[in-house]
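The values are calculated or read from the model by the stated rules, or taken from the named source; none is laboratory data. Every value quoted in this text rests on a predicted model; they were computed, and no experiment measured them. Neighbour counts are summed over all protein chains in view; Cβ atoms, including those assigned to glycine, are modelled from backbone coordinates with ideal geometry. For accessibility, only protein heavy atoms count, side chains too; no ligands or nucleic acids. Shrake-Rupley method; radii C 1.70, N 1.55, O 1.52, S 1.80 Å.
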Amino acid sequence: MKRKILLVDDNKIELEMLTLFLKDEYDILTADSGESALAVLGKKYLTISVIVLDIVMPGMDGYEVMERIKKNSLYAPIPIIVVTALDDIEAHEKALEYGANGFISKPFSGSMILHSVRNAVKLRETSAIANMYRRDRLTNLYNRETFFAEVERTVKRNRPGSYIISCFDIENFKVVNDQYGTEVGDNVLRHVANCISLFVNRVGGTVCRYTADKFAMLFPEEYKDSDEIKLFHRDAMTPPCINRPIRIRIGRYLVSDFSLTPNAMLDRAILAEGSIKGRYDTYIADYDDSMRTNMLYEQQIVNEMAGALRDGQFEAWVQPQYNHATGALIGAEALARWRRDGEIVPPCDFIPIFERNGFIYEMDQYIWRQVCINLRRWLDNGRTPLPISVNISRYDLFQEDFLDVIFGLVQEYRLSTDMLRLEVTESAFAESTNTIINVVNKLIKHGFTVEIDDFGSGYSSLNTLKDVPASILKLDMGFIEDSSDSNRGGNILESVVRMAKWLGMSVIAEGVETKEQADYLKSIGCGYIQGYLYAKPMLLDEYAILCKSSDKEPELNKLKTVDTWDNDSFWDPKSMETLIFNSYVGAACIFEYSNGKSEILRCNDKYKEIFTGDFAYDFTRTGVDPLIYLDEDNKAIVSANIQNAIDTKEESTCDVCLSNGKGRTIYLRSSIRLIATTADRYLFYCVLTNMSEMMDAMDKLRAKEEQKRGSKSKS
Ligand code: C2E
Ligand code: CA
Ligand code: CA
């Protein structure tokens with residue numbers, strides 16, 4: 001097969017002559033401008049052996065073409081023979097500077113042209129063979145070995161701290177391949193490779209592709225925070241061949257310790273990169289020594305874990321949960337502890353490691369079994385134990401036999417499904433939501449109570465919650481309090497509790513340490529508490545003793561909503577119900593009533609209109625109790641109306657008159673209807689009609705009539 005060469009010349013006659021001399025020996029591709037030469041290269045660079053390039057061309061001249069070729073790591077290895085005038089020394093020098101590999105002078109001599117091209121082809125092929133061993137075929141970057149050799153050479157010529165090794169890992173590259181096909185995937189890799197090469201060419205250093213979608217780069221420290229590097233990162237993450245940006249995680253190690261091999265230096269960069277896996281707030285991490293300490297600790301844990309499980313070093317502890325309103329015990333959560341060399345290791349030191357390497361599933365199964373064993377034992381001893389919640393990791397939910405394991409456990413220990421509650425953290429829903437919702441649905445169908453743990457940690461929106469058929473939310477005070485604005489924390493708590501109630505869920509607050517916190521939680525409708533205020537996690541046997549001496553409440557209260565009411569869409573600002581609530585029904589509000597107190601949860605725009613203007617009281621603010629603004633007579637009327645609506649479950653109407661505090665009086669007709677109820681709480685829908693104008697008109701009418709009567713009696 002003939003080798004291919006690319007001839008670039010704007011002069012037609014010259015092109016024809018060159019072709020004539022070369023066509024017997026080579027396949028000829030031609031381009032009549034710099035631009036079209038680059039276009040041909042874009043498609044055929046892999047097969048082109050040599051480029052013959054004219055310098056003087058309109059538009060993009062030969063120098064610019066050379067510059068672009070040398071900057072592109074894919075084209076750069078192709079030798080370039082430059083066409084110049086015989087005596088143009090300056091052009092020769094400049095062409096060499098730009099990386100020309102040979103010259104052809106005008107006027108042309110056939111044998112000279114053939115010799116030059118043959119030499120260049122030979123050059124290309126010997127270096128290609130060498131490159132095969134030194135370079136990666138797809139991107140033409142160095143391979144790992146060559147890179148390490150270059151790093152060794154470069155780094156040690158400078159003082160410690162002059163260079164940084166950086167690694168690049170494309171996140172979810174598999175998805176790119178799946179979504180666009182491997183050809184586009186390859187182009188994305190080439191794009192990234194090219195961006196890194198360009199940067200390194202500009203600032204100095206070296207680069208390689210060390211595995212499929214991972215690159216490494218050595219570059220001078222002074223560019224660490226430069227605009228150049230930021231620009232290059234941005235370019236690398238926006239490949240033009242796909243219509244969305246990619247995310248690249250970057251780890252960096254400042255080369256300060258020359259006793260390390262280049263391989264170990266890269267490992268440190270990779271360690272830094274691994275530390276931000278799964279983080280969405282950052283894409284760059286710089287190595288520090290604690291990362292290595294952690295890695296060594298992690299290795300130790302991994303070495304010991306299986307043996308520790310076999311030896312029974314893991315224990316299920318439990319933390320009791322209480323109803324803060326009654327002081328009664330309502331259940332407990334099982335928490336793992338590791339008794340390691342006589343010390344109790346808290347789960348935060350080993351659970352995240354187990355979650356990474358999958359061992360969590362085995363440990364969790366062990367804990368679940370311990371809980372079941374104890375529930376069975378208590379039942380056999382004639383007790384009626386309260387439910388215990390166990391933690392389910394996201395990893396567990398993806399295991400094929402997960403459902404069989406859980407269903408098998410309750411069967412084996414003859415437990416009813418409401419005794420073993422299952423906690424799934426909110427963050428588990430952040431990705432692959434559908435798979436997880438599916439599993440959770442199956443658990444619920446089977447009769448289990450599913451709790452969403454660490455709700456409010458910010459991974460999913462309240463909207464996700466609607467699609468998750470869990471019945472208990474766990475709010476972590478830690479997450480809420482951490483928010484810098486404590487007021488905001490309060491609002492989040494309130495809105496979550498309210499939302500949860502509307503969706504018919506119960507709420508358990510955990511991490512509650514003070515009575516103030518507990519009282520506040522109770523005041524916003526969350527009475528279930530787990531935290532140091534009541535009890536710390538304890539051994540199962542201790543818990544059994546505690547249970548004996550405590551009041552117990554097995555059922556959690558939740559608001560039971562009326563079936564026909566679609567709660568989910570009610571809170572969605574675009575939903576039909578909201579539209580109706582806001583546009584058609586006139587002035588309306590939703591309020592809660594409990595033990596003589598009421599509280600407005602939601603009101604529409606027309607409702608607000610009634611109370612705008614010179615009204616001194618705020619009847620529209622969420623959380624306000626409108627009853628406190630009423631005088632004794634009106635209060636009695638409204639209370640009786642509420643009681644009537646509760647008793648009859650029918651719409652009930654009353655009229656009240658309110659003073660605005662400044663001499664104006666308004667008359668309101670209030671029609672209310674019960675829409676939901678719990679033991680001591682009632683939820684009402686209320687429509688208000690402003691009767692003031694009518695009353696005014698009637699007053700005037702009455703006054704007129706009186707006047708008439710008065711004048712009649714006088715006459
Ligand atoms: P979690 O499920 O959110 O558990 C609640 C954590 O809050 C527990 O930490 C508990 O001891 C702690 N805590 C309870 N009350 C208070 C309080 O008043 N103040 C403060 N500051 N903390 C309180 P623990 O036991 O260290 O567990 C940490 C996390 O480890 C758990 O968070 C859970 O995500 C995970 N975990 C624990 N046991 C297991 C298990 O058996 N399986 C799985 N998969 N994860 C577990
Ligand atoms: Ca939990
Ligand atoms: Ca939690």
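Quick one: how many residues across region 253-266 are modelled with pLDDT of 95 or more and surrounded by fewer than 21 Cβ atoms within 10 Å (Cβ to Cβ)?
Of the residues in that region, 1 qualify.
Consider Gly489 against the criteria (1) within 16 Å of ligand 1 (Cβ to nearest atom); (2) under 24 Å from the mean Cα position of the chain (by Cα); (3) at pLDDT 60 or above: it satisfies all of them except one. Which criterion is unmet?
Checking Gly489 against (1) within 16 Å of ligand 1 (Cβ to nearest atom); (2) under 24 Å from the mean Cα position of the chain (by Cα); (3) at pLDDT 60 or above, the one that fails is (3).
Each row is one residue, and each column tells you yes or no for (1) touching a Pro at 6+ places or on another chain (Cβ under 8 Å); (2) surrounded by 19 or more Cβ atoms within 10 Å (Cβ to Cβ); (3) within 29 Å of Pro554 (Cβ to Cβ).
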| residue | (1), (2), (3) |
| --- | --- |
| Val318 | yes, yes, yes |
| Gln321 | no, yes, yes |
| Ala325 | no, no, yes |
| Leu329 | yes, yes, yes |
| Ala334 | no, yes, yes |
| Arg337 | yes, no, yes |
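In this structure, is Ile69 closer than 30 Å to Cys208 by Cβ, in contact with a strand residue (DSSP E or B) (Cβ under 6 Å, 6 or more places away or on another chain) and touching a residue at least 12 places away in the same chain (Cβ under 8 Å)?
No; evaluated as a whole, the condition is false for this residue.
Hey, among Arg137, Arg118, which residue is assigned to a helix (DSSP H, G or I) and open to solvent by 30 Å² or more (accessible area, probe 1.4 Å)?
Being assigned to a helix (DSSP H, G or I) and open to solvent by 30 Å² or more (accessible area, probe 1.4 Å) holds for just one of Arg137, Arg118, which is Arg118.
If you take the residues of region 382-396 that are in a helix (DSSP H, G or I) and either on the phi > 0 side of the Ramachandran plot or open to solvent by 10 Å² or more (accessible area, probe 1.4 Å) (or both), which of them is farthest from ligand 2 (Cβ to nearest atom)?
Of everything passing the filter in region 382-396, Tyr395 is farthest from ligand 2 (Cβ to nearest atom).
Based on this model, can you work out whether Arg124 counts as at pLDDT 90 or above and out of contact with any helix residue (DSSP H, G or I) (no Cβ under 7 Å at 6 or more places or on another chain)?
no
Could you list, in sequence order, the residues of region 399-429 that are within 13 Å of ligand 1 (Cβ to nearest atom) and farther than 24 Å from Leu556 by Cα?
Residues satisfying the conditions are Gln399, Phe402, Ser427, Ala428.
Picking from Leu15, Leu74, which residue would you name as being buried (at least 19 other Cβ atoms within 10 Å of the Cβ) and either among the hydroxyl-bearing types (Ser, Thr, Tyr) or in a loop (DSSP other than H, G, I, E, B) (or both)? Walk me through it before giving the result.
Values: Leu15 fails: either among the hydroxyl-bearing types (Ser, Thr, Tyr) or in a loop (DSSP other than H, G, I, E, B) (or both).
When all the criteria are applied, what remains is Leu74.
For region 358-378, which residues satisfy the criterion of being within 9 Å of ligand 1 (Cβ to nearest atom), over 15 Å from Leu422 (Cβ atoms) and buried (at least 18 other Cβ atoms within 10 Å of the Cβ)?
Passing the criteria: only Met363.
When residues of region 676-714 are filtered for being surrounded by fewer than 16 Cβ atoms within 10 Å (Cβ to Cβ), hydrophobic (A, V, I, L, M, F, W, C) and closer than 23 Å to Asp647 by Cβ, how many remain?
Of the residues in region 676-714, 1 are surrounded by fewer than 16 Cβ atoms within 10 Å (Cβ to Cβ), hydrophobic (A, V, I, L, M, F, W, C) and closer than 23 Å to Asp647 by Cβ.
With respect to Glu355, determine if the residue is more than 30 Å from His233 (Cβ to Cβ), open to solvent by 60 Å² or more (accessible area, probe 1.4 Å) and charged (D, E, K, R).
Taking the combined requirement at face value, the residue does not satisfy it.
I'm trying to understand the selection: among the residues of region 397-423, which are closer than 13 Å to Leu379 by Cβ and within 16 Å of ligand 2 (Cβ to nearest atom)?
The answer is Leu420, and nothing else.
Just name the residue that is surrounded by the fewest Cβ atoms within 10 Å (Cβ to Cβ) out of those in region 339-350 that are outside any strand (DSSP E or B) and away from ligand 2 (no atom under 15 Å from the Cβ). Outline the logic, then answer.
Within region 339-350, the subset outside any strand (DSSP E or B) is 341-342, 346-350.
Add one more test, that the residue is away from ligand 2 (no atom under 15 Å from the Cβ), and what stays is 341-342, 349-350.
Details: Asp341: 8, Gly342: 5, Asp349: 13, Phe350: 25.
Among residues in region 339-350 that are outside any strand (DSSP E or B) and away from ligand 2 (no atom under 15 Å from the Cβ), the one surrounded by the fewest Cβ atoms within 10 Å (Cβ to Cβ) is Gly342.
Would you confirm whether any residue within region 406-424 is at pLDDT 95 or above, within 16 Å of ligand 3 (Cβ to nearest atom) and in contact with a Lys or Arg (Cβ under 8 Å, 6 or more places away or on another chain)?
yes
Please verify whether Thr126 is surrounded by fewer than 20 Cβ atoms within 10 Å (Cβ to Cβ) and touching a strand residue (DSSP E or B) at 6+ places or on another chain (Cβ under 8 Å), treating the condition exactly as stated.
When the stated conditions are applied, Thr126 does not pass them.
Which one is farthest from Asp625 (Cα to Cα) among residues in region 506-538 that are more than 16 Å from ligand 3 (Cβ to nearest atom) and crowded, with 16+ Cβ neighbours inside 10 Å?
Here the answer is Met538.
Would you call Arg702 assigned to a strand (DSSP E or B) and either at pLDDT 80 or above or over 29 Å from Ile524 (Cα atoms) (or both)?
No.
Restricting attention to region 306-319, which residues are hydrophobic (A, V, I, L, M, F, W, C) and under 14 Å from Pro346 (Cα atoms)?
Correct list: Phe314, Ala316, Trp317, Val318.
Within region 499-516, how many residues are within 13 Å of ligand 1 (Cβ to nearest atom) and touching a helix residue (DSSP H, G or I) at 6+ places or on another chain (Cβ under 6 Å)?
Counting residues in region 499-516 that are within 13 Å of ligand 1 (Cβ to nearest atom) and touching a helix residue (DSSP H, G or I) at 6+ places or on another chain (Cβ under 6 Å) gives 3.
Is there any pair linking a residue in region 330-342 that is within 6 Å of ligand 1 (Cβ to nearest atom) to one that is assigned to a loop (DSSP other than H, G, I, E, B), with Cβ under 8 Å and at least six apart or on different chains, and which?
Note: pairs meeting the criteria are Leu335/Pro537.
Considering only residues that are among the polar types (S, T, N, Q), away from ligand 1 (no atom under 12 Å from the Cβ) and within 22 Å of Ser427 (Cβ to Cβ), which ones fall in region 379-398?
none
Looking at region 438-452, can you tell me whether even one residue there is modelled with pLDDT of 85 or more and within 13 Å of ligand 1 (Cβ to nearest atom)?
Yes, that holds for at least one residue.
Could you identify the single residue in Lys635, Lys597 that is free of Cβ contacts under 8 Å to residues at least 60 places away in the same chain, in contact with a helix residue (DSSP H, G or I) (Cβ under 9 Å, 6 or more places away or on another chain) and surrounded by fewer than 12 Cβ atoms within 10 Å (Cβ to Cβ)? I'd like the intermediate steps shown before the answer.
Working: Lys635 fails: surrounded by fewer than 12 Cβ atoms within 10 Å (Cβ to Cβ).
Of Lys635, Lys597, the one residue that is free of Cβ contacts under 8 Å to residues at least 60 places away in the same chain, in contact with a helix residue (DSSP H, G or I) (Cβ under 9 Å, 6 or more places away or on another chain) and surrounded by fewer than 12 Cβ atoms within 10 Å (Cβ to Cβ) is Lys597.
Kindly check whether there is at least one residue in region 186-197 that is free of Cβ contacts under 8 Å to residues at least 40 places away in the same chain and either open to solvent by 30 Å² or more (accessible area, probe 1.4 Å) or outside any loop (DSSP other than H, G, I, E, B) (or both). Break it down stepwise before answering.
First pass over region 186-197, keeping only residues free of Cβ contacts under 8 Å to residues at least 40 places away in the same chain: none.
The answer is no; no qualifying residue exists.
What residue, of Ile353, Ile360, is closer than 21 Å to Pro537 by Cβ, under 28 Å from the mean Cα position of the chain (by Cα) and within 16 Å of ligand 2 (Cβ to nearest atom)? Give the steps one after another, and end with the answer.
Details: Ile353 fails: within 16 Å of ligand 2 (Cβ to nearest atom).
Exactly one of Ile353, Ile360 is closer than 21 Å to Pro537 by Cβ, under 28 Å from the mean Cα position of the chain (by Cα) and within 16 Å of ligand 2 (Cβ to nearest atom), namely Ile360.
Any residue in region 412-430 that's within 29 Å of Pro352 (Cβ to Cβ) and open to solvent by less than 20 Å² (accessible area, probe 1.4 Å): show its pairings with residues that are more than 13 Å from ligand 3 (Cβ to nearest atom) and of a type in the set (D, E, K, R) at Cβ separation under 6 Å, as long as the two are six or more apart or on different chains.
That search, which allows pairs on different chains as well, returns Ala428/Arg394.
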